[in-house]
1. Take the cross-link list Lys91/Lys262; Lys47/Lys263; Lys50/Lys278; Lys50/Lys365; Lys263/Lys317 and give me the ones stretching past 30 Å between alpha-carbons.
2. If each of Ser149 and Met162 carries a label point 7 Å out from its Cα toward its Cβ, how far apart are those two points in nm?
3. Are there any trypsin sites (Lys or Arg not before Pro) in the stretch 244-313 that are in a DSSP loop and have at most 14 other Cβ atoms within 10 Å? List them by number.
4. I want to check the label-to-label distance for Ser230 and Arg401. Put each point 7 Å from Cα in the C-beta direction and report it in nm to one decimal.
5. What is the sum of charges, Lys and Arg at +1 and Asp and Glu at -1, for the other residues whose Cβ falls under 13 Å from the Cβ of Val323?
6. Counting other Cβ atoms within 10 Å of each Cβ, which chymotrypsin sites (Phe, Trp or Tyr not before Pro) in the stretch 189-295 have at most 15 and sit in a DSSP loop?
7. For the stretch 101-190, go through all pairs of different Cα atoms, get the mean of 1/r, take its inverse, and jot down that Kirkwood value in Å.
8. Run the simple label-point estimate for Lys263 and Glu240 please: 7 Å along Cα→C-beta, distance reported in nm.
Amino acid sequence: MATAGKSKKNKKKIFIFSGIGVVVIALILVVVLGSKKENVITVQTEKASKRTITQVVTASGKIQPETMVKINAEVSGEITQLPVKEGDRVKKGDLLVRIKPDQYQAQVDRAEAGISAARASLALQAANLEKGESEFKRSQELYQKKLISDQEFIAAKTSFQMAKSNYESAQAGVAQASASLRDARESLHKTSIFAPMDGTISQLISELGERVSGSGFTQGTQIMTVADLSMMEARVDVGENDVVLIHIGDTARVEVDAYSDKKLKGVVYEIANTAATKSLGQQDEVTNFVVKIRILEKDVALRPGMSMSADIETQTKRNALSVPIQSVTTRVPKPKEGEKKDSLQHGQQEKPIEVVFVTEGGKAKTLPVKRGINDDGYVEILTGINESTEVVSGSYKAINRDLEDGSAIKIDNTVKKFGMGKKEEAK
């Protein structure tokens with residue numbers, strides 16, 4: 001009995017282990033066969049077509065008047081007159097501010113007294129020169145007739161030369177006094193500041209009774225700003241890679257944050273020659289160039305400092321062969337037969353090239369292309385395809401990550417696209 005029971009237990013174990021073995025073998029077969037199954041990528045396609053493409057550079061900045069003059073004090077003193085306030089319109093020559101002139105008037109009075117004294121001294125020296133010249137001529141005649149000694153002749157000559165030098169010195173004194181008077185009058189004139197142009201007081205900084213400082217050697221206190229608000233411009237910062245695409249006369253569409261429902265037409269009229277670098281020497285260093293856009297529309301009340309963005313149309317091509325912008329990607333080309341070993345020996349690595357994917361017998365095929373200009377949705381293709389070529393246009397993840405030359409694909413153009421020419425968000 002014991003032997004029979006033991007035999008039954010052994011048979012049971014054999015069945016159990018056999019069943020486990022069958023399951024393990026089945027799992028291995030599933031894994032092996034499943035790994036050999038080809039991964040099929042679902043894509044969308046679109047035919048290349050001819051269209052008008054406008055290349056656009058987008059930049060942001062501020063609205064500013066084309067002509068804006070900062071009014072700074074050129075002399076020091078107290079503001080005694082300030083007949084304007086912020087927002088007032090002024091005409092060229094209107095009084096803007098008057099600084100207390102008392103000390104500058106006193107300087108003029110002193111300079112006028114000084115020039116009077118210098119002119120009197122000049123008149124005296126002129127008389128002395130005339131007298132010395134007459135005595136020298138008489139002594140010269142007597143000396144030639146041997147009627148006076150050498151010593152007397154030399155004394156007369158020396159006296160004449162001294163009178164001449166004193167006269168020239170007096171002339172220089174008059175010139176110096178005249179310069180001092182002009183300088184004093186100029187300082188007195190600078191106590192009254194007049195509008196240099198027709199415009200609007202766009203900013204008033206100083207107030208009546210405030211003391212301001214200024215000199216001919218340093219920039220004085222800024223009192224106000226006069227601007228011509230009838231001619232406004234957009235000043236935008238453009239990166240160094242994009243500024244080379246922009247030219248004088250390019251059309252721009254300006255959108256001001258305060259008027260988000262309107263796009264104002266403008267034209268590029270000035271491009272900076274020198275870059276304005278921010279965070280110089282730091283990791284986040286940015287190099288921009290200021291581009292000025294003249295606003296052509298006058299029916300919108302723009303104010304200095306308003307935020308804006310601009311789309312600058314740098315180039316337009318009609319009948320350009322184009323594909324969706326996301327269709328063009330980059331891949332490292334496969335080395336030709338016999339070149340791989342040599343490349344590895346010399347440490348060389350192929351550079352990525354721009355390609356599009358097309359379908360051929362259920363497989364993806366890469367076609368090298370050369371691109372031209374592009375807008376937000378489409379890119380011009382210069383070489384590599386023709387108008388009948390149907391290229392893979394989606395998804396973004398498939399084009400940029402998954403697809404390779406020879407990948408198995410399935411076309412499904414019923415999938416909702418995320419906007420023509422816009423990159424789908426990578427899944």
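1. Check vs 30 Å cut-off fails for Lys91/Lys262; Lys47/Lys263; Lys50/Lys278.
2. So the two model labels end up 1.9 nm from each other.
3. Those that pass, being in a loop and sparsely packed, are Lys262, Lys298.
4. 5.9 nm
5. Taking every Cβ under 13 Å from that of Val323, the sum is -1.
6. Values: sites: Phe194, Phe217, Tyr259, Tyr269, Phe289; in loops: Phe217.
Hits after loop and neighbour filter: Phe217.
7. On the way: mean 1/r = 0.0660 Å⁻¹.
Its Kirkwood hydrodynamic radius stands at 15.2 Å.
8. 3.1 nm
Here, each number is a calculation from the coordinates, and none is a lab measurement. From a predicted model like this one, the values you see are computed outputs, not experimental measurements. Ideal geometry is used to build each Cβ from the backbone, glycine not excepted, and the neighbour counts take in all protein chains shown.
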